[in-house]
Amino acid sequence: MKNSVLTVACSALLVAGCAGTQEQMEVSAVAQLQPRSGSSVSGNVTFTQIGDVVRITGEITGHTKGPKGFHIHEKGDCTDDKAMSTGGHFNPHKHMHGGPYDPVKHSGDLGNLVFNDQGAVKINFTVGDISVSRDAPSGIIGRAVIVHAAVDDLTTDPTGNAGGRVACGVIQG
Ligand code: CU
Ligand code: ZN
């Protein structure tokens with residue numbers, strides 16, 4: 001229904017005006033990740049709402065090779081030098097920890113990023129259960145993105161046993 005209304009509105013506008021309208025409807029938020037816990041891990045992550053899902057893109061460098069836990073944590077506060085100020089995993093449904101595509105999981109459970117031999121990763125995947133919003137119950141703006149020192153086992157509640165917090169960034173809309 002929303003789409004058909006938009007199509008009608010666009011057909012009544014100049015092409016340039018219509019493109020502008022559609023751009024505004026694709027809502028994004030960005031987090032700049034900075035090192036924590038004495039690491040050299042940094043990078044950027046962008047969240048883009050695409051219908052009911054969110055596409056996560058970006059690049060992170062300065063880690064060691066292999067899969068490392070990647071989460072949205074509850075509080076957008078990276079001030080602590082070990083990022084403990086971000087609280088636990090973003091968990092509006094009060095679920096147990098899991099993997100990003102498990103039916104039961106924290107909304108902030110984004111699984112693992114697999115870093116290459118150079119300790120870098122390019123991110124590009126989509127998840128449900130979060131929204132690029134500040135006010136929605138599933139909203140992630142104003143929360144924090146965390147990269148961990150170790151692999152998330154996607155099972156151990158509530159942390160995935162992913163070790164320390166080596167990079168932190170507040171999600172800004
Ligand atoms: Cu985490
Ligand atoms: Zn979790």
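Annotations
- Residue within segment 10-21 that is among the hydroxyl-bearing types (Ser, Thr, Tyr), modelled with pLDDT of 95 or more and farther than 19 Å from Thr86 by Cα present: no
- Which listed residue is within 16 Å of the chain's Cα centre (by Cα), in a loop (DSSP other than H, G, I, E, B), surrounded by fewer than 18 Cβ atoms within 10 Å (Cβ to Cβ) and more than 16 Å from ligand 2 (Cβ to nearest atom), from Asp117, Asp77: Asp77
- When restricted to residues that are surrounded by fewer than 24 Cβ atoms within 10 Å (Cβ to Cβ), within 11 Å of ligand 1 (Cβ to nearest atom) and in contact (Cβ under 8 Å) with a residue 60 or more places away in the chain, segment 144-161 contains 4.
- One residue alone among Thr57, Thr64, Thr86 is of a type in the set (Ser, Thr, Tyr), more than 11 Å from ligand 2 (Cβ to nearest atom) and surrounded by 17 or more Cβ atoms within 10 Å (Cβ to Cβ), and that residue is Thr86.
- Test: residue in segment 129-143 that is over 16 Å from Ser40 (Cβ atoms), within 12 Å of ligand 1 (Cβ to nearest atom), surrounded by 17 or more Cβ atoms within 10 Å (Cβ to Cβ) and over 12 Å from the mean Cα position of the chain (by Cα): no
The values are calculated or read from the model by the stated rules, or taken from the named source; none is laboratory data. These figures come from a predicted structure and were not determined experimentally. We place every Cβ from the backbone using ideal geometry, glycine too, and count neighbours over all the protein chains shown.
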